[in-house]
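The values are calculated or read from the model by the stated rules, or taken from the named source; none is laboratory data. What you see is a predicted model; the values in this text were computed from it and never measured. Note: ideal-geometry Cβ built from the backbone for every residue, glycine included; neighbour counts use all protein chains shown. Quick note on the areas: whole protein, heavy atoms, side chains included, nothing else; ligands and nucleic acids left out. Shrake-Rupley method; radii C 1.70, N 1.55, O 1.52, S 1.80 Å.
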Amino acid sequence: MTTPRHPATPPRLRHFYDKLRSPGYGGDYNPEQWGPEVHVEDAQLMKQAGVNLVSLGIFAWAQCEPAPGAYDFDWLDGHMDRLAATGVCVTLATMTASPPPWMAVEHPETLPVMADGTVLYPGARQHWCPSSPVYREHAVRFVERLAERYADHPALALWHIGNEFGCHESRHCHCAVSTEAFRGWLRARYGTVDALNDAWSTDFWSQRYTGFDQIFTPRTAPSFRNPTQQLDYQRFSSDELLACYRAERDALDRITPHIPVTTNFVPVAKTLDLFAWAEHLDVISYDSYPDPHDAQSFQHTAFGFDVMRGLRGGQPWLLMEQAPSAVNWRRRNGRKPRGRMRLDSWQAVAHGADSVLFFQWRASRGGAEKFHSAMVPHGGPDHPLHREVAALGEELAAHPDLLGSVPERADVALLLDWPNWWAVELDAHPADIAFLDAAHAHHRPFHDAAVATDVVPVTGDFSPYKILVVPHLYAVSEADAQRVKDYVRAGGTLVMSYFSGITDEHDRVHLGGYPGPFRDLLGLTVDEFDPRPNGTWAEEIRLEGAEAVETFDSGAPSVTRHAYGDGVAWYLATRPGPQDFRRLVDRVCEESGVHPVLPDLLPGAYARTRVTADGSRIHIVLDEGERGVTVRRD
Ligand code: GLA
């Protein structure tokens, strides 16, 4: 039987919950695209559809600061007041995701530069260099004015900083300012250039530096770029974007210390080390865009939701955006069949979401997103999609105690580490490994078995879990490897897959045989990697205490099991096909006493449980087929 956990709720988040009263329902609201008659209709329709939360002004910087230092907030006052009068809370955007066009003209050095020197110009969005002090100063000054203006406004419930940090090409910048910032970041990390030379293995290919001023960001180069330079540049880029976020958050904390702060994360994206970001948010927010044409998307979405819940140790999170039906940015944009929006929404709630929000409230008339679905489609409120939206609003409002209820802890944890993700996907490896695909493949057999999974960082507490799943932990420090070993020694069950324990945090190989620090834990040595022409990964293994549970056609071990301390360590020297993986997971779960969340689920369904403030348990049963969603209460 699993136990709920009780993650600490930041005190100022209570203010947000008190205002909301039931799960958040609504979406991005962009009234600057419409005239007064539409605004009046918006208020009526929001009321009818059970909307209690909107994200306002995400791309309205140009309207609020039409010229440098000239602010116009009057129009926004009207919207804030109308929303307050309608009983709709506001997640107010800091609006800094997209600077007004004048900034690029007055300060062209704020424009981002790609690895090949291409400058990214305004005309789309997010055209700013993350290291630019000029951009940051303008952003913070603007945010200060905004916060001062609305600090005590009754509609203000939550701050939404920027938008989807790192989602566009501007996530990495190679301009002169960024190059200097990278050098400063490296100085802080390594202290001396000799320490950097050692970490970066620069005695290779005549790369030895004699000063930090000789180092560039990893720009387009004749051959493979230094792997540790690439890895550190990923770390740097995530840190630079976080510094932009934090500069705004610090300003907000000074002026509105009572208002919680968030930013919305892109569907499990490689760019940001979200475990490093999470402590700087009061609540995690997530944008989820499953592809209705992708048969795997239901499970992949479940994984993404598990990641979001894991970022702050099981704390509920906000579904900040999803599409009511089609998006506009795939090559072919499938609509959601009727009922799918409801299923997707409840899936988020089941996995710990405290809100169901959409992009966007009203479909735009012009601009690049006019064919993106919305809560109020171009066809208006009589459209069947809007009727579905209104019905869902009513349904969620009938479960007010879901808001803030604690997602029950899983017995299985999957380990995710962003620096490892960056490292394992570097070039010049035995074969390419797509880490997110791998994470999905390791999550799927548990999902199909209706067994709940949490997601933990490499520095997390593994002890509450019966099973720890570790896909391709390629780059790992001795200290982190030791923590995995301690977990197994104390009785845990580990499922680790190939290409783990290969390098340290600087991407230098752990010598003495693969998989370095995990050899005694796994009871084996990998003598050679043997990726096959058909795309499968294989390895030549020497058993040193482990037993072979499965073998390759050659008879050599492919899946092994090793008793270690009070626990067991499994090793996968290849990726089993879906059925074999499921069979293996069923065996591991049975040996470890891990069961589906509910005992009586029909095939194809799975459930997640949330525990309310008064201790009652709400089970949300999800089924992609005809049965859809069922909410059960004990
Ligand atoms: C992202 C952005 C939104 C919008 C949607 C469209 O999630 O945050 O502004 O562009 O995509 O799907």
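Looking at the range 506-539 only, could you name the residues that are touching an Asp or Glu at 6+ places or on another chain (Cβ under 9 Å), assigned to a loop (DSSP other than H, G, I, E, B) and within 25 Å of GLY565 (Cβ to Cβ)?
Across the range 506-539, the qualifying residues are HIS510, GLY513, GLY523.
With the requirement that a residue be within 18 Å of HIS351 (Cβ to Cβ) and within 16 Å of the ligand (Cβ to nearest atom), what does the range 283-292 give you? Spell out the reasoning first.
Within the range 283-292, the subset within 18 Å of HIS351 (Cβ to Cβ) is 283-290.
Of everything in the range 283-292, those that are within 18 Å of HIS351 (Cβ to Cβ) and within 16 Å of the ligand (Cβ to nearest atom) turn out to be ILE284, SER285, TYR286, ASP287, SER288, TYR289, PRO290.
Residues are listed down the side, and each one gets a yes or a no for (1) open to solvent by 10 Å² or more (accessible area, probe 1.4 Å); (2) more than 16 Å from the ligand (Cβ to nearest atom); (3) assigned to a loop (DSSP other than H, G, I, E, B):
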residue	(1), (2), (3)
ASP294	yes, no, yes
GLN299	no, yes, no
GLY313	yes, yes, yes
LEU318	no, no, no
GLY334	no, no, yes
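Going by the structure shown, is ALA363 without any contact (Cβ under 8 Å) to a residue 24 or more places away in the chain and open to solvent by less than 10 Å² (accessible area, probe 1.4 Å)? Write out each step before concluding.
Details: without any contact (Cβ under 8 Å) to a residue 24 or more places away in the chain: yes; open to solvent by less than 10 Å² (accessible area, probe 1.4 Å): yes.
Yes; evaluated as a whole, the condition is true for this residue.
Can you tell which of SER238, SER170 is open to solvent by less than 20 Å² (accessible area, probe 1.4 Å) and over 25 Å from ASP504 (Cβ atoms)?
SER170
Going by the conditions given, is PRO257 out of contact with any Ser or Thr (no Cβ under 9 Å at 6 or more places or on another chain), part of a loop (DSSP other than H, G, I, E, B), surrounded by fewer than 22 Cβ atoms within 10 Å (Cβ to Cβ) and at pLDDT 95 or above? Steps first, answer last, please.
Values: out of contact with any Ser or Thr (no Cβ under 9 Å at 6 or more places or on another chain): yes; part of a loop (DSSP other than H, G, I, E, B): yes; surrounded by fewer than 22 Cβ atoms within 10 Å (Cβ to Cβ): yes; at pLDDT 95 or above: yes.
Against the criterion (out of contact with any Ser or Thr (no Cβ under 9 Å at 6 or more places or on another chain), part of a loop (DSSP other than H, G, I, E, B), surrounded by fewer than 22 Cβ atoms within 10 Å (Cβ to Cβ) and at pLDDT 95 or above), PRO257 qualifies.
Report, by residue number, each residue of the range 486-501 that is farther than 18 Å from VAL594 by Cβ and surrounded by 21 or more Cβ atoms within 10 Å (Cβ to Cβ).
As a first pass, look at the range 486-501 and keep what is farther than 18 Å from VAL594 by Cβ: 486, 489, 497-501.
Listed by number, the residues that qualify are SER497, TYR498, PHE499, SER500, GLY501.
Residue check, TYR606 against (1) within 30 Å of HIS472 (Cα to Cα); (2) open to solvent by 20 Å² or more (accessible area, probe 1.4 Å), all met but one. Which one?
Result: TYR606 passes all but (2).
Limited to the range 321-332, what total is found for residues that are near the ligand (Cβ under 10 Å from one of its atoms) and within 19 Å of SER355 (Cβ to Cβ)?
3
Please enumerate the residues belonging to the range 176-229 that are under 33 Å from the mean Cα position of the chain (by Cα), assigned to a loop (DSSP other than H, G, I, E, B) and surrounded by 12 or more Cβ atoms within 10 Å (Cβ to Cβ).
If the condition is that a residue be under 33 Å from the mean Cα position of the chain (by Cα), assigned to a loop (DSSP other than H, G, I, E, B) and surrounded by 12 or more Cβ atoms within 10 Å (Cβ to Cβ), then SER201, ILE215, PHE216, THR217, PRO218, ARG219, ARG225, ASN226 are the ones that fit.
Could you list, in sequence order, the residues of the range 117-130 that are within 18 Å of GLU180 (Cα to Cα), of a type in the set (A, V, I, L, M, F, W, C) and open to solvent by 30 Å² or more (accessible area, probe 1.4 Å)?
VAL119
Can you tell me which residues in the range 52-72 are touching a Ser or Thr at 6+ places or on another chain (Cβ under 9 Å) and over 21 Å from ALA124 (Cβ atoms)?
Result: ASN52, LEU53, VAL54, LEU56.
Residues are listed down the side, and each one gets a yes or a no for (1) free of Cβ contacts under 8 Å to residues at least 12 places away in the same chain; (2) assigned to a helix (DSSP H, G or I):
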site: VAL349; (1), (2): no, yes
site: ALA374; (1), (2): no, no
site: ARG387; (1), (2): yes, yes
site: LEU396; (1), (2): no, yes
site: ASP401; (1), (2): no, yes
site: GLY404; (1), (2): no, no
site: LEU414; (1), (2): no, no
site: PRO419; (1), (2): no, yes
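Quick one: would you say PHE275 is crowded, with 23+ Cβ neighbours inside 10 Å and either part of a helix (DSSP H, G or I) or within 16 Å of the ligand (Cβ to nearest atom) (or both)? Outline the logic, then answer.
Values: crowded, with 23+ Cβ neighbours inside 10 Å: no; either part of a helix (DSSP H, G or I) or within 16 Å of the ligand (Cβ to nearest atom) (or both): yes.
Spelling it out, it is not the case that PHE275 is crowded, with 23+ Cβ neighbours inside 10 Å and either part of a helix (DSSP H, G or I) or within 16 Å of the ligand (Cβ to nearest atom) (or both).
When the range 362-373 is examined, which residues are found to be in contact with a Ser or Thr (Cβ under 9 Å, 6 or more places away or on another chain) and either under 17 Å from ASP287 (Cβ atoms) or of a type in the set (Lys, Arg) (or both)?
Answer for the range 362-373, where residues must be in contact with a Ser or Thr (Cβ under 9 Å, 6 or more places away or on another chain) and either under 17 Å from ASP287 (Cβ atoms) or of a type in the set (Lys, Arg) (or both): LYS370, HIS372, SER373.
If I filter the range 585-620 down to residues being among the hydrophobic types (A, V, I, L, M, F, W, C) and in contact with a Pro (Cβ under 6 Å, 6 or more places away or on another chain), which single residue comes out as farthest from TYR487 (Cα to Cα)?
In the first step, residues of the range 585-620 are kept if they are among the hydrophobic types (A, V, I, L, M, F, W, C); the result is 585, 588-589, 594, 597-598, 601-602, 605, 607, 611, 613, 618, 620.
With in contact with a Pro (Cβ under 6 Å, 6 or more places away or on another chain) added as a condition, the list becomes 585, 611.
On the way: VAL585: 19, VAL611: 27 Å.
It comes out as VAL611.
What's the number of the only condition in (1) away from the ligand (no atom under 16 Å from the Cβ); (2) open to solvent by less than 10 Å² (accessible area, probe 1.4 Å) that HIS280 fails to meet?
Failing condition for HIS280: (2).
Name the single residue, out of those in the range 139-191 being at pLDDT below 95 and out of contact with any helix residue (DSSP H, G or I) (no Cβ under 9 Å at 6 or more places or on another chain), that is nearest to the ligand (Cβ to nearest atom).
CYS167
Identify, from the list LEU416, LEU357, LEU392, the residue that is at pLDDT 95 or above, open to solvent by less than 10 Å² (accessible area, probe 1.4 Å) and in the same structural domain as SER463 (by TED's automatic domain parsing). Give the derivation first.
On the way: LEU357 fails: in the same structural domain as SER463 (by TED's automatic domain parsing); LEU392 fails: in the same structural domain as SER463 (by TED's automatic domain parsing).
Going through LEU416, LEU357, LEU392 in turn, just one is at pLDDT 95 or above, open to solvent by less than 10 Å² (accessible area, probe 1.4 Å) and in the same structural domain as SER463 (by TED's automatic domain parsing): LEU416.
Of the residues that make up the range 572-584, is at least one touching a strand residue (DSSP E or B) at 6+ places or on another chain (Cβ under 9 Å), in a strand (DSSP E or B) and within 28 Å of VAL526 (Cα to Cα)? Walk me through how you get there before you give the answer.
Taking the range 572-584 as the starting set, the residues that turn out to be touching a strand residue (DSSP E or B) at 6+ places or on another chain (Cβ under 9 Å) are 572-576, 580-581, 584.
Subset that is in a strand (DSSP E or B): 572.
Narrowing the set further to residues that are within 28 Å of VAL526 (Cα to Cα) leaves 572.
The answer is yes, given that some residue of the range 572-584 is touching a strand residue (DSSP E or B) at 6+ places or on another chain (Cβ under 9 Å), in a strand (DSSP E or B) and within 28 Å of VAL526 (Cα to Cα).
Would you call ASP461 open to solvent by 10 Å² or more (accessible area, probe 1.4 Å) and part of a loop (DSSP other than H, G, I, E, B)? Break it down stepwise before answering.
Details: open to solvent by 10 Å² or more (accessible area, probe 1.4 Å): yes; part of a loop (DSSP other than H, G, I, E, B): yes.
Against the criterion (open to solvent by 10 Å² or more (accessible area, probe 1.4 Å) and part of a loop (DSSP other than H, G, I, E, B)), ASP461 qualifies.
Kindly indicate whether PRO557 is over 28 Å from the mean Cα position of the chain (by Cα), in contact (Cβ under 8 Å) with a residue 24 or more places away in the chain and closer than 18 Å to SER500 by Cα. Break it down into steps so the answer makes sense when it comes.
Details: over 28 Å from the mean Cα position of the chain (by Cα): yes; in contact (Cβ under 8 Å) with a residue 24 or more places away in the chain: yes; closer than 18 Å to SER500 by Cα: yes.
Here the answer is yes, as PRO557 does meet what is asked.
Condition check: more than 14 Å from ALA323 (Cβ to Cβ), of a type outside the set (Phe, Trp, Tyr) and modelled with pLDDT of 95 or more. Does PRO377 satisfy that? Walk me through it before giving the result.
Numbers: more than 14 Å from ALA323 (Cβ to Cβ): no; of a type outside the set (Phe, Trp, Tyr): yes; modelled with pLDDT of 95 or more: yes.
No, not satisfied.
Identify all residues within the range 366-388 that are within 16 Å of the ligand (Cβ to nearest atom) and open to solvent by less than 30 Å² (accessible area, probe 1.4 Å); write none if there are none.
HIS372, SER373, ALA374, MET375, VAL376, PRO377, LEU385
Output the qualifying pairs, or none if there are none: Cβ atoms under 7 angstrom, residues six or more apart or on different chains, first residue in the range 37-61 and assigned by TED's automatic domain parsing to the domain that holds ARG362 and aliphatic (A, V, I, L, M), second residue within 16 Å of the ligand (Cβ to nearest atom) and open to solvent by 20 Å² or more (accessible area, probe 1.4 Å).
ALA60/GLU32
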